[in-house]
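Chemist: Take this structure first; my questions come after.
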Amino acid sequence: MALIPSMMLFSFLSFLVILKSEANNDQLQFVYHYCNNEYGNITTETYSDNRNNLLSNMYYDKENDYGFYNSSYGQDPDKVYAIGFCRGDANLDKCRSCLEKSAVLLRERCPVQKEGIGWFDECMLRYTNHSIFGVMVTQPNNIMCNTKNAPKDPRSAAGFDQVVHNLLNELRNRTTTVADPESDSSRSRKFFAEGDAPVQSSNVTIHALIQCTPDISSQNCTRCLEHAMTNILYCDGKRGGRYLGPSCSVRYEIYPFFEPIVHHAPPPQPATQVTTTTGKEKSNPSRTIIAIVVPVVAVVVLLVAFTYNYLGARRRRQKPFQSEGGEGELDNDIKIDELLQFDFATIKFATNNFSDANKLGQGGFGIVYKGTLSDGQEIAIKRLSINSNQGETEFKNEILLTGKLQHRNLVRLLGFCFSRRERLLIYEFVPNKSLDYFIFDPNNRVNLNWERRYNIIRGIARGLLYLHEDSRLQVVHRDLKTSNILLDEELNPKISDFGMARLFEINQTQASTNTIVGTFGYMAPEYIKYGQFSVKSDVFSFGVMILEIVCGQRNSEIRGSEENAQDLLSFLSNFFAGMEKLEGRDSFKYCR
């Protein structure tokens, strides 16, 4: 019982963290960017693809907690190198969110350049066509000064500038002294320091932050910061200043702009300390208590959450999914781990960060994307709508059923991705879209002569026969329609979308439900009226599709006057009621 309040507390805290993270993400602003033409422009699709893939995925699957990512992708001469780096006070989620937005904007701002760099308030992202890891550089850089002058006091503004210089020097010494790559403190590996100092004879406090990328040496960090602090002298007399460089950054303001960091050990005091300008900071017991209690509480909550999630994950892996509405388990030997499980980073990489250019379509389940794996295999990805409860059920059904069905007239499920809030289904890629794309479009319909239409009808029938009779699992699809019939490169049909399918037991002939799912116009009358369905329900839907294939018109299209409006099925039923045979006439004209 003690675990429940803890988890309720964790859920509430997580909700607040998510809200805060989303709010912070919305507040991210592009500070400065630079597109370098020195190395020429992108002339090959390979380099462009390598850059896009690298920038979109380099900050995933990295087991570090200090916000520095360095990677490369591709082969020479199209190999791309990149560094992603976050401000020392940014947590991991905020860091990755910032880098994700950086990747999108940097590609937009530097569409053809082989080298580009962009800075946000909380991160920096840089790419180029040559190795940059461990190399300290000072170009390109940017110096920005607050437009307002420093506060005036009887001692003039010189006192303000002196406090700034002393504070920055102190932070520089602290940064390069504690920046030990072997230290247990992950933050120390960031070459990061922040602090504040009051301006005497005023109520102004200066807040400052300096940082180097952790791939360079301590000596090079010192050199970079000295260069930065020399350049930031340009902002003397102003309320704030900022230096942005590829290897280090410096910023000071008269307002707090960073999250306070709890330092694990105080920095060593220099031999001679200037105290006449900065003054001595007073100890704040409340702040000390908060600094100790908050991390302890956070660690305890995270440990409880980790234990709960770990045990829950084990239970979920051991428990088979249930069919629609939890109305019964689907075969105890069908488990999620029998299919190939893709990690989210792989799918995000394959779809170029789910770009609109890779979007194939959208349905009730969510959006369908085309993707390409690293070995060149093309795949189709269904991405579950996050707020779709029906999609969650469809996701489970597709995994349980489609993963066990193998037939040339059924779309093959390759695997799935189950990551946090993401639900993805990965299928073989079928290049010629769906049947409705050909049948109902006058221009595309000319590609389907009568022989091809007949072969499509036969292929669908074979797939249905497999589902109803030949498979070891008797399956009723319940949502057969032209948009769920995909066509391969030779226009062979493949039945898809098993999210609403139901598994029948041996010798079971029908079932009933209170929840009617499917598409009106394809549903059998007994299913609509009474919720009863069986293999005959699929046969009814198949019959409607045959009429649509032959006529080239949708069943839902209305014919006749307003008083005698009829859909295709009713129209043909009434039309042929008085005819004994077609006598060899072209049946197509009767669909008009």
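The values are calculated or read from the model by the stated rules, or taken from the named source; none is laboratory data. All values derive from a computational prediction rather than experimental measurement. Note that each Cβ is placed from the backbone with ideal geometry, even for glycine, and that neighbours are counted across all protein chains shown.
Chemist: Within the stretch 446-456, count every residue that is surrounded by fewer than 16 Cβ atoms within 10 Å (Cβ to Cβ) and within 39 Å of the chain's Cα centre (by Cα).
Modeler: Selection size over the stretch 446-456: 1.
Chemist: For the condition assigned by TED's automatic domain parsing to the domain that holds residue 511 and surrounded by fewer than 23 Cβ atoms within 10 Å (Cβ to Cβ), what is the one hit in 497, 441?
Modeler: The match here is 441.
Chemist: What are the residues in the stretch 474-490 that are in a loop (DSSP other than H, G, I, E, B), over 33 Å from the mean Cα position of the chain (by Cα) and touching a residue at least 12 places away in the same chain (Cβ under 8 Å), if any?
Modeler: None; the set is empty.
Chemist: Given the options 88, 118, 134, name the one that is closer than 21 Å to residue 218 by Cα and touching a strand residue (DSSP E or B) at 6+ places or on another chain (Cβ under 6 Å).
Modeler: Working: 118 fails: closer than 21 Å to residue 218 by Cα; 134 fails: touching a strand residue (DSSP E or B) at 6+ places or on another chain (Cβ under 6 Å).
Sole residue among the options that is closer than 21 Å to residue 218 by Cα and touching a strand residue (DSSP E or B) at 6+ places or on another chain (Cβ under 6 Å): 88.
Table: residues versus (1) over 32 Å from the mean Cα position of the chain (by Cα); (2) free of Cβ contacts under 8 Å to residues at least 12 places away in the same chain; (3) not in a loop (DSSP other than H, G, I, E, B).
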| position | (1), (2), (3) |
| --- | --- |
| 85 | no, no, yes |
| 98 | no, no, yes |
| 152 | yes, yes, no |
| 175 | yes, no, yes |
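Chemist: Does residue 198 qualify as being touching a strand residue (DSSP E or B) at 6+ places or on another chain (Cβ under 8 Å), more than 21 Å from residue 68 (Cα to Cα) and at pLDDT 90 or above?
Modeler: Details: touching a strand residue (DSSP E or B) at 6+ places or on another chain (Cβ under 8 Å): yes; more than 21 Å from residue 68 (Cα to Cα): yes; at pLDDT 90 or above: yes.
When the stated conditions are applied, residue 198 passes them.
Chemist: Out of all the residues in the stretch 392-403, is one or more of a type in the set (Gly, Ala, Ser), in contact with an Asp or Glu (Cβ under 9 Å, 6 or more places away or on another chain) and either under 19 Å from residue 349 (Cβ atoms) or surrounded by 15 or more Cβ atoms within 10 Å (Cβ to Cβ) (or both)?
Modeler: Within the stretch 392-403 (the criterion being of a type in the set (Gly, Ala, Ser), in contact with an Asp or Glu (Cβ under 9 Å, 6 or more places away or on another chain) and either under 19 Å from residue 349 (Cβ atoms) or surrounded by 15 or more Cβ atoms within 10 Å (Cβ to Cβ) (or both)), the answer is yes, since at least one residue qualifies.
Chemist: State whether one or more residues within the stretch 499-512 are in a loop (DSSP other than H, G, I, E, B), in contact with a Gly (Cβ under 8 Å, 6 or more places away or on another chain) and over 25 Å from residue 409 (Cβ atoms).
Modeler: Looking through the stretch 499-512, none of the residues is in a loop (DSSP other than H, G, I, E, B), in contact with a Gly (Cβ under 8 Å, 6 or more places away or on another chain) and over 25 Å from residue 409 (Cβ atoms).
Chemist: Would you confirm, using the coordinates I've provided, whether residue 424 is more than 22 Å from residue 524 (Cβ to Cβ) and part of a loop (DSSP other than H, G, I, E, B)?
Modeler: Spelling it out, it is not the case that residue 424 is more than 22 Å from residue 524 (Cβ to Cβ) and part of a loop (DSSP other than H, G, I, E, B).
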